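The block underneath contains the structure these notes are about, expressed in structure tokens.
Each value in this text was obtained by applying a stated rule to the coordinates, not by laboratory testing. Keep in mind it's a predicted model, so treat the numbers as computed, not measured. Here the Cβ positions follow ideal geometry from the backbone for every residue, glycine too, while neighbour counts run over all protein chains shown.
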Amino acid sequence: MLSIQGFPRSYRRELTQALGLIRQRLAHPPGPVPGDLLGDLRAILAGPRPTVDLVFGGATGACQEDYARSGGYRILLCNRTFQEGRVPAVLLHEMVHVALGWELDAEAFENAWFRRAEGARPPTRSDWETFKDQGYRAWWVQMDPRTRRVTDYADRFIHTFPPRPRTR
Ligand SMILES: [Zn+2]
């Protein structure tokens, strides 16, 4: 379950809507998802444990550069995530990290399950560098860097990313 802390009143409605959307996706996943990951995500959202602190991060510190941060059983959701209308996708992304997912896992399910209007964004150049450093393999999924096709370890199709952003 999520322990929600410190969000301004004006953001609570958006947060509730985002949680509702995530709940729908977890009830009816839009595509294949490893069963263990789905179970972990459902437990984070609604199970008796683990308790995950969902904390408003404002616009300072880590939130000057990031949309969110997570570590252990704590998710920090930043002001800009609300301002740019990205709450559902960013929150799901961080929940995948809490479920031990690496960057490729989190980006894959963010983009497979949410549309741009729901806050999904393709991986950045820095994300691609992380994918490469990690051998295009993650905890729940892997990717063929030539086709940018992401599959789980049962070889089920998850998502195809758009071309990698060019280096400036
Ligand atoms: Zn991430």
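Being under 24 Å from A154 (Cβ atoms), of a type outside the set (G, A, S) and in contact (Cβ under 8 Å) with a residue 40 or more places away in the chain is a property that holds for D40.
Only one of these is aliphatic (A, V, I, L, M), touching a Lys or Arg at 6+ places or on another chain (Cβ under 6 Å) and outside any helix (DSSP H, G or I): L54, L76. Name it. Exactly one residue qualifies, and that residue is L76. In region 88-98, the qualifying residues are those that are surrounded by 24 or more Cβ atoms within 10 Å (Cβ to Cβ) and among the hydrophobic types (A, V, I, L, M, F, W, C), and the one that is farthest from G20 (Cα to Cα) is V96.
Out of everything in region 6-46 that is among the small types (G, A, S) and within 17 Å of H97 (Cβ to Cβ), what residue ends up being surrounded by the most Cβ atoms within 10 Å (Cβ to Cβ)? Within region 6-46, the match that is surrounded by the most Cβ atoms within 10 Å (Cβ to Cβ) is A18. For region 67-77, the criterion of being more than 13 Å from the chain's Cα centre (by Cα) and either closer than 22 Å to E118 by Cβ or touching a residue at least 60 places away in the same chain (Cβ under 8 Å) (or both) is met by none of the residues. Count of region 74-107 residues, restricted to those that are over 15 Å from V33 (Cα atoms), charged (D, E, K, R) and within 11 Å of the ligand (Cβ to nearest atom), is 2.
Only a single criterion out of (1) of a type outside the set (K, R); (2) within 15 Å of the ligand (Cβ to nearest atom); (3) in contact with a helix residue (DSSP H, G or I) (Cβ under 9 Å, 6 or more places away or on another chain) is not satisfied by D152, namely (2).
Among the residues of region 122-142, is any part of a helix (DSSP H, G or I), touching a strand residue (DSSP E or B) at 6+ places or on another chain (Cβ under 7 Å) and buried (at least 21 other Cβ atoms within 10 Å of the Cβ)?
Yes, there is a match, as at least one residue in region 122-142 is part of a helix (DSSP H, G or I), touching a strand residue (DSSP E or B) at 6+ places or on another chain (Cβ under 7 Å) and buried (at least 21 other Cβ atoms within 10 Å of the Cβ).
For region 78-124: of the residues being more than 18 Å from L15 (Cα to Cα) and of a type in the set (D, E), which is nearest to the chain's Cα centre (by Cα)? Residue satisfying both the conditions and the ranking: E107.
Kindly check whether there is at least one residue in region 50-64 that is within 16 Å of the ligand (Cβ to nearest atom), surrounded by 21 or more Cβ atoms within 10 Å (Cβ to Cβ) and within 24 Å of Q142 (Cβ to Cβ).
Of region 50-64, the ones within 16 Å of the ligand (Cβ to nearest atom) are 52, 54, 57, 62-63.
Pick out the ones that are also surrounded by 21 or more Cβ atoms within 10 Å (Cβ to Cβ) and you get 52, 54, 57.
Those still in the list that are within 24 Å of Q142 (Cβ to Cβ) too: none.
No, there is no match, as no residue in region 50-64 is within 16 Å of the ligand (Cβ to nearest atom), surrounded by 21 or more Cβ atoms within 10 Å (Cβ to Cβ) and within 24 Å of Q142 (Cβ to Cβ).
Taken over region 108-132, the criterion of being within 14 Å of the ligand (Cβ to nearest atom) and farther than 21 Å from Q17 by Cα is satisfied by A108, P122, P123, T124, S126, D127, W128, E129, T130, F131. Per the listing R69, R166, the residue uniquely charged (D, E, K, R) and either more than 28 Å from M1 (Cβ to Cβ) or assigned to a helix (DSSP H, G or I) (or both) is R166.
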